[in-house]
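Below you'll find the structure, written out as structure tokens, and then a few comments.
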Amino acid sequence: MNEITSMIRKRRSIFPANYSGERVSDEIIQEMLENANWAPTNKRTEPWRFVVFTEDGLKTLGEQQAEVYKAGSTRLERFNENTYESLKRKPLAASHVIAIIMKRDPEERLPEAEEIAAVACAVQNMHLTATAHGIGAYWGTGGITYLEEAKELFSLEPNDRLMGFFFVGTPKGDWPEGQKGSVEEKVQWVRS
């Protein structure tokens, strides 16, 4: 039990700027994905889907998401050249980038929020596995995540969702310390 508690409390978002450039083994990534697959899911819809980018695929992701951003932001009249260039470069700082997708139950047997929560549980399993291996990870929801044009990039159905990108890399320097507020401020007990 102490190991589980330790991993939960040690888990941190470690950003690509803090990666050393050393590649994470595909075996660790595969273990992260397998553990993600064991997340809880109501009605066994297992709505999580992942697309893993590595090696030259990182450059491909950067170029593709920059173009999706350009199309979507031009449509919304808020294009920014610095954001465009950043989207091209950011994946290159990671060993792997995993697109996080929620595949909606075609029969919609349960509320969408439950499937989103199941995907979040799957990502938490990936993050805890990365932590256990001393691997840095970060779930980012910026960039193209909420652009309608991103759905085409991942061949998503209208009710599916791109939920962001999970950046993975070997951290440089010391593991960051955590800071959380008191749990007592967030919990109410009712005993009668």
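The values are calculated or read from the model by the stated rules, or taken from the named source; none is laboratory data. Since the model is a prediction, treat every value here as computed from it, not as a measurement. As a convention, Cβ positions derive from the backbone with ideal geometry for all residues, glycine included, and neighbour counts pool all protein chains shown. These area figures cover heavy atoms from the full protein model, side chains too; ligands, DNA and RNA do not enter into them. Shrake-Rupley method; radii C 1.70, N 1.55, O 1.52, S 1.80 Å.
Observations
- Förster radius 22 Å - calculated FRET efficiency between residue 83 and residue 51 (Cβ-Cβ, nearest 0.05): 0.50
- Residue 59 contributes an accessible area of around 120 Å² to the protein surface, as traced by a 1.4 Å probe with all chains present.
- Remark: the stretch 47-157 is approximated by an ellipsoid whose semi-axes, taken from the C-alpha gyration tensor as √(5λ), come to 24, 21, 11 Å, largest first.
- In terms of its C-alpha gyration tensor, the stretch 97-192 has an oblate overall shape, because the principal axis ratio a/c (a ≥ b ≥ c, square roots of the eigenvalues) is not below 1.5 and a/b does not outweigh b/c.
- Reach of residue 103 by Cα under 13 Å, taken over aspartates and glutamates that are not fewer than 8 positions away in the same chain: 46, 112, 114, 115, 157, 160
- With θ taken as phi - 60° and the Karplus curve 6.51 cos²θ - 1.76 cosθ + 1.60 applied, the whole-hertz 3J(HN,Hα) list for the stretch 78-92 is 9, 5, 9, 4, 5, 5, 4, 5, 4, 5, 6, 8, 3, x, 5 Hz, x standing for glycine and proline.
- Measure of compaction for the stretch 94-143 (Cα Rg per 2.2 N^0.38 Å): 1.35
- Lysines whose Cα lies under 21 Å from that of residue 10, excluding same-chain neighbours fewer than 8 positions away: 172, 180, 186
- For residue 96, residues with placed amide H under 5 Å, excluding near neighbours: 168
- The apolar share of the surface of the stretch 79-173, taken as the fraction of accessible area on carbon and sulfur atoms (1.4 Å probe, ligands and nucleic acids excluded), comes to 49 percent.
- Top positive-direction residue, dipole computed over the chain with Cβ charges, set 139, 183, 73: 183
- Solvent-accessible area of residue 96 with every protein chain in place, 1.4 Å probe, in Å² to the nearest 10: 0
- Local electrostatic count, residue 23, Cβ distance below 15 Å [Lys/Arg +1, Asp/Glu -1]: -3
- Rounded to the nearest whole Hz, the Karplus-based 3J(HN,Hα) values (6.51 cos²θ - 1.76 cosθ + 1.60, θ = phi - 60°) of the stretch 143-149 follow the sequence x, 9, 3, 9, 7, 4, 5, with x at glycine and proline.
- Shape of the stretch 137-186 from the C-alpha gyration tensor: oblate (a/c of 1.5 or more and a/b not above b/c, with a ≥ b ≥ c the square roots of its eigenvalues).
- Read-out Rg/Rh (Cα atoms, Kirkwood Rh), derived from the coordinates shown; its label in (1) 0.93; (2) 1.03; (3) 1.00: (3)
- FRET efficiency, residue 107 to residue 146 (Cβ-Cβ, R0 35 Å, nearest 0.05): 0.90
- Per-residue ellipticity at 222 nm computed for the chain from its helices equals -12500 deg cm²/dmol, with DSSP H segments shorter than 4 residues left out and the rest contributing -39,500 (n - 2.57).
- Note on the chain: GNM, Cα springs under 10 Å; of 56, 160, 105, the largest mean-square fluctuation is that of 56.
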